[in-house]
1. Return yes or no: is residue 287 closer than 30 Å to residue 146 by Cβ, aromatic (Phe, Trp, Tyr) and in contact (Cβ under 8 Å) with a residue 24 or more places away in the chain?
2. When region 237-275 is examined, which residues are found to be assigned to a helix (DSSP H, G or I) and crowded, with 17+ Cβ neighbours inside 10 Å?
3. Could you pull out every one of the strands (runs of 3 or more DSSP E) wholly within region 125-197 that has 1 or more residues that are over 21 Å from residue 356 (Cα atoms) and at pLDDT below 95?
4. Restricting to region 121-145, what's the tally of residues that are over 15 Å from residue 183 (Cα atoms) and either surrounded by 24 or more Cβ atoms within 10 Å (Cβ to Cβ) or out of contact with any Phe, Trp or Tyr (no Cβ under 9 Å at 6 or more places or on another chain) (or both)?
5. Being part of a loop (DSSP other than H, G, I, E, B) and at pLDDT 80 or above is the filter; apply it to region 41-68 and report the residue that is farthest from residue 84 (Cα to Cα).
6. Please determine whether any residue of region 283-296 is touching a helix residue (DSSP H, G or I) at 6+ places or on another chain (Cβ under 8 Å), charged (D, E, K, R) and surrounded by fewer than 15 Cβ atoms within 10 Å (Cβ to Cβ).
7. Within the bounds of region 179-188, is there any residue that is closer than 19 Å to residue 335 by Cα and of a type in the set (A, V, I, L, M, F, W, C)?
8. Determine if region 73-81 includes at least one residue that is surrounded by 11 or more Cβ atoms within 10 Å (Cβ to Cβ), within 41 Å of the chain's Cα centre (by Cα), among the hydrophobic types (A, V, I, L, M, F, W, C) and not assigned by TED's automatic domain parsing to the domain that holds residue 212.
Amino acid sequence: MIDYSLYCKINHLSANDGLTVPQIARELSMDVRTIRKWLDTSFKPRQSAPRASKLDPFKRNIVRLLEAHPYTATQIFQRIREQGFTGRYSIVKDYVRKVRPPKPNAFLTLSFAPGECAQVDWGSHGSVNVGTTRRRLSFFVMVLCYSRLMYVQFTVSQTMEHFLGCHQSAFDFFGRVPQRIMVDNLKSAVLKRIVGKAPVFNPKYLDFADHYGFTIAACNVGKGNEKGRVENGVGYVKKNFLAGLDIPDFAAIHPAARHWLDTVANVRIHGETREQPIVRFEKEQAYLNPLPHHRFDIATVSQVRASSQFRVALDANRYSVPAEYAGRQLTLKTYPDRICLYNDNKLIARHARSYDRHQDIEDPDHPKQLLLWRKKGP
C-alpha cells in the first residue's frame, strides 16, 4: 500500500508530465506493475487505526542518526539495541527504507551526430479485427536520433520476417540507412545477453545489418533508457495517434498511420530540438548511408510436409500446393505479405499470406493433376 502523496505524484507524472509507465517506474524507483496498478485504481486509505510498534520510541533518534551519517539499517539496529530496543531487525530495515528512500538513478542525456544512429522498438495496443478473427495489434517504431524523424508500421505479428520487413520499410521511408541501430535485448536481435560480456546477436539480424551497412548496438541489461528516443516515440504513438482511434479493421490502420506521420508526427515542433523533424532531417539526410542495390531476402525458412490433401499449415490456415506434391517434404519461405513453397529449389506454389484463421486457400490450378489422374483411372 502506498501513501496518498505518492499516489498523487504517480498520477501527476502520467497526466501532467506525459511519462510512460516504465519512465515513471524509473523516476520513482518502483516496480512497473505497481505503477500500472495505481494508475488504474482510485486511492482508498486504510481505515484501520495504526498499531503501536516497539520501534515508536526510537523513530525520532533513527531520523537524527540518518541525517548525521549514511548509516546502514544494520548499524541503526545495533545502536538502538544498545538503547533498549527489543524488536526485530526487519522492522528497523523497513523504517530506514521509508525515511531514507533509495535515490533515483541519474541518466545522462545522450547526444548523436547527424546520420549516426536510429533506435527501434515494438509497441502493442490491444487487438484488431482481421477478417473473421481478432489478432494482437503491434507496431514497430524507428526514430532517427538526430532529427527525430519517425517511422511507424502496424503488424499483427512480431516474428523475424516482420521485424526485418519493418526495417526495410523504414529505410524506404527515409530513403537512406542509419550508420548504427540501437535495439533492446529482444530475441529477434539479441540471442543472449550476460552482464559484463558482449551480446550474442541473432545471425539473421547480423546478415541483414551487413547487407544494409549498419552496425547493431544493444542496450545494456535493464537500461532501456539508453534508447529513450524510441521509447518516447512509442508513447507518442499511443497518446497522439491511437488514443480514441476507432479501428474497424486492420487494413484501415495503414493509410491512417501514414497520414498521421506526414501531417502530425514529423511536422510538429519537437519538444527537445524545437524544430520540425522533417526540417531537421534535411540536415541529416546527407550523412545517412545509401540503400543497397538489392533487397535482403527477409524470409523465415522452414521445412514442412504437405498433407494428403496437398495442403501446408501456417498460422491456423491451410495453403495448397500442386496435388502431385501431396505427402512430400517441402521448403517454406514465409514473408510478411506472402508465402512461397519450394521443392528442390523449384518454386511450386505462392500465396498471399492470410492473417485470418481457419481459412483454406487454394490455387485453382493445384488440383488439376489429381482430376486428370481420376479421369484416366478405370
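1. On the way: closer than 30 Å to residue 146 by Cβ: yes; aromatic (Phe, Trp, Tyr): yes; in contact (Cβ under 8 Å) with a residue 24 or more places away in the chain: yes.
For residue 287, the condition - closer than 30 Å to residue 146 by Cβ, aromatic (Phe, Trp, Tyr) and in contact (Cβ under 8 Å) with a residue 24 or more places away in the chain - is met.
2. So the first thing to find is which residues in region 237-275 are assigned to a helix (DSSP H, G or I), and the list is 237-242, 250-265.
Answer for region 237-275, where residues must be assigned to a helix (DSSP H, G or I) and crowded, with 17+ Cβ neighbours inside 10 Å: 237, 241, 242, 250, 253, 257, 260, 261, 265.
3. Numbers: elements: 133-144, 150-155, 180-183, 190-192.
Here the list reads 180-183, 190-192.
4. Looking only at that region, the number is 5.
5. Filtering region 41-68 down to residues part of a loop (DSSP other than H, G, I, E, B) leaves 41-55.
Within this subset, residues satisfying the condition of being at pLDDT 80 or above are 53-55.
Working: 53: 14, 54: 10, 55: 10 Å.
Per the criteria, the residue is 53.
6. Yes, region 283-296 contains a residue that is touching a helix residue (DSSP H, G or I) at 6+ places or on another chain (Cβ under 8 Å), charged (D, E, K, R) and surrounded by fewer than 15 Cβ atoms within 10 Å (Cβ to Cβ).
7. Keep residues of region 179-188 that are closer than 19 Å to residue 335 by Cα, which gives 187-188.
Adding the requirement that they be of a type in the set (A, V, I, L, M, F, W, C) leaves none.
Within region 179-188, not a single residue is closer than 19 Å to residue 335 by Cα and of a type in the set (A, V, I, L, M, F, W, C).
8. Yes.
The values are calculated or read from the model by the stated rules, or taken from the named source; none is laboratory data. Since the structure is predicted, the reported quantities are computational estimates derived from the model, not experimental observations. Methodologically, a virtual Cβ is constructed for each residue, glycine included, from the backbone with ideal geometry; neighbour enumeration extends over all protein chains shown.
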